[in-house]
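So the structure is just underneath, and the comments pick up after that.
Here, each number is a calculation from the coordinates, and none is a lab measurement. Computed from a predicted structure; not experimentally measured. So basically every Cβ, Gly included, is an ideal-geometry build from the backbone, and we count neighbours across all protein chains shown.
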Amino acid sequence: MNVTPEVIDNLNFDEKGLIPAVVQDIKSGTVLMMAYMNKEALEKTLTDGRTWFYSRSRQTLWAKGETSGHIQKVAGIYYDCDADTLLVQVWQTGEACHTGNFSCFYRALQEKDDNLKPEWAALSWLETLVKERKKQMPPNSYTTYLFKSGIDKILKKVGEEATEVVIASKGGKKEEIVYETADLLYHLLVMLAEHNIDLQEIWEELAKRHKDN
């Protein structure tokens, strides 16, 4: 990332030399966490390509995922109109929260019935997991079995699951429709991974159609 020292110097760090950094998953738009950076942590983030923060309790720098392996690869860093808050967009590996949740913001203080919950990001999380299975091919994994079986087997499963969705929809039972649709989405992700196609490309195509229409 090409950032001049002048830009960092123009940021408004607080009296303790810290600036809040809101971290957002670039694929889903989910706000993952909020932490603090000092100038050194920001510079390390810019040069290292993964997020670094400053721990106020331990008074030391720390890299996200240094123990869990759930690192955050930086896609972009923005600062607000007052230059006193950072927005860090990342490619999240695994979950961001130490509790095992994808986002640290998993508890609602107020929530409307039609609110879009952070859990919807599980689709992009599942995509990452499928890609990891393709790369690592762990034994005793159904995903590994599909990749080893090849595209014909994967397409056969996509077809079978699509048919199951149709049957469930005809039956009209919500729980069965949800269950079978989840199966179909999973196998579609495997198919896309087999062709090295990212969900982002699907989102862009959908956005393009919406714009054109």
Q | Amide proton proximity set for D198, modelled H, under 5 Å, gap of 5+ | A | none
Q | For the range 13-19, Karplus couplings with θ = phi - 60° (6.51, -1.76, 1.60), whole Hz, Gly/Pro x | A | 6, 6, 5, 9, x, 10, 9
Q | Ascending count of other beta-carbon atoms within 10 Å, so fewest first, for S55, S124 | A | S55, S124
(Q) Ignoring everything except DSSP H segments at least 4 long, calculate the 222 nm mean residue ellipticity for the chain; use -39,500 (n - 2.57) per segment, divide by total residues, nearest 500. (A) -14000 deg cm²/dmol
Q | Shape box of the range 16-72 [Cα atoms, principal axes, largest first, Å] | A | 32, 22, 21
Q: Measure nothing but the geometry: give the 0 to 90° angle between the long axis through the Cα atoms of 122-136 and the longest principal axis through the Cα atoms of the chain, rounded to 10°.
A: 80
Q | Angle between the chain longest axis and helix 174-194 axis [Cα atoms, degrees, rounded to 10] | A | 70
Q. How large is ³J(HN,Hα), in whole Hz, for each residue of the range 30-43 in order, when computed from phi with the Karplus curve 6.51 cos²θ - 1.76 cosθ + 1.60 and θ = phi - 60°, using x for Gly and Pro?
A. 5, 6, 8, 6, 9, 9, 10, 10, 9, 4, 5, 5, 5, 5
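From the C-alpha gyration tensor of the chain, pull out the three semi-axes of the equivalent ellipsoid (sqrt of 5λ each), sorted largest to smallest, in whole Å. Show your work: numbers first, answer last.
Values: eigenvalues 292, 79, 58 Å².
Semi-axis lengths for the chain are 38, 20, 17 Å.
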Q. In whole Hz, what ³J(HN,Hα) sequence does the range 58-63 give by Karplus (6.51, -1.76, 1.60; θ = phi - 60°), x for Gly and Pro?
A. 8, 6, 8, 6, 8, 9
Q) Say each of K135 and L206 gets a label point 7 Å from the Cα, pointing the same way as Cα to Cβ; how far apart are those two points in nm? A) 2.4
Q | Long-range lysine pairs (8 or more apart or interchain), the range 38-153, Cα under 27 Å | A | 20
Q: Name the residues whose placed amide hydrogens come within less than 5 Å of the amide hydrogen of D84, ignoring near sequence neighbours (fewer than 5 apart) on the same chain.
A: N12
Q.
List the residues, sorted by chain then number, that are 5 or more residues from L32 or on another chain and whose placed amide H is less than 5 Å from its amide H.
A. V23, Q24, D25
**Q.** Cα→Cβ-extended label distance, 7 Å offset, between T144 and V166, nm
**A.** 3.4
